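The values are calculated or read from the model by the stated rules, or taken from the named source; none is laboratory data. Being a predicted model, the structure only gives us computed values, none of them experimental. Positions of Cβ are generated from backbone atoms using ideal geometry, with glycine treated the same way; all protein chains shown enter the neighbour counts. Ligands, DNA and RNA are stripped out before the accessible areas are found, and what is left, the full protein with its side chains, is counted by its heavy atoms. Shrake-Rupley method; radii C 1.70, N 1.55, O 1.52, S 1.80 Å.
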Amino acid sequence: MIFKLDRQDHRKVRSLLPATEQIYNRTVHAIIDGVNRGTIYVDDLSQPKTALVDVTGISSLFIGDPHNQKFIAPLGSLSTQS
């Protein structure tokens, strides 16, 4: 399943960023820190392993485990919904 992470819990996904991304991806950090608008969706609300960071009006970025079927499998149904 995919869950929308509450804004006050955005910090839970910071550990999903690889060390190099922690340095260079200011956009994701700005959303995590509440500076930029965005929404974060995760596979688990308490201990996320994979996340989709939606940068409002710009793009979406995946962070964490790219092989996490618990998160990836439901994505296909999202594209068929209107």
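Spin-label model, N68 to V55: label points 7 Å out along the Cα-to-beta-carbon direction sit 2.0 nm apart.
The mean accessible area for residues of the chain, using a 1.4 Å probe and ignoring ligands and nucleic acids, is 66 Å² per residue. Normalising the average separation of contacting C-alpha pairs (under 8 angstrom, six or more residues apart) by the number of residues puts the relative contact order of the chain at 30 percent.
Here the scattering of the chain is modelled by Debye summation over its C-alpha atoms, one equal scatterer each and no solvent; at q = 0.11, 0.13, 0.22, 0.25 Å⁻¹ the log10 of I(q)/I(0) is -0.26, -0.37, -1.05, -1.31. Relative to the current alpha-carbon distance between Q47 and D9, full extension at 0.36 nm per residue lengthens the span by 12.6 nm.
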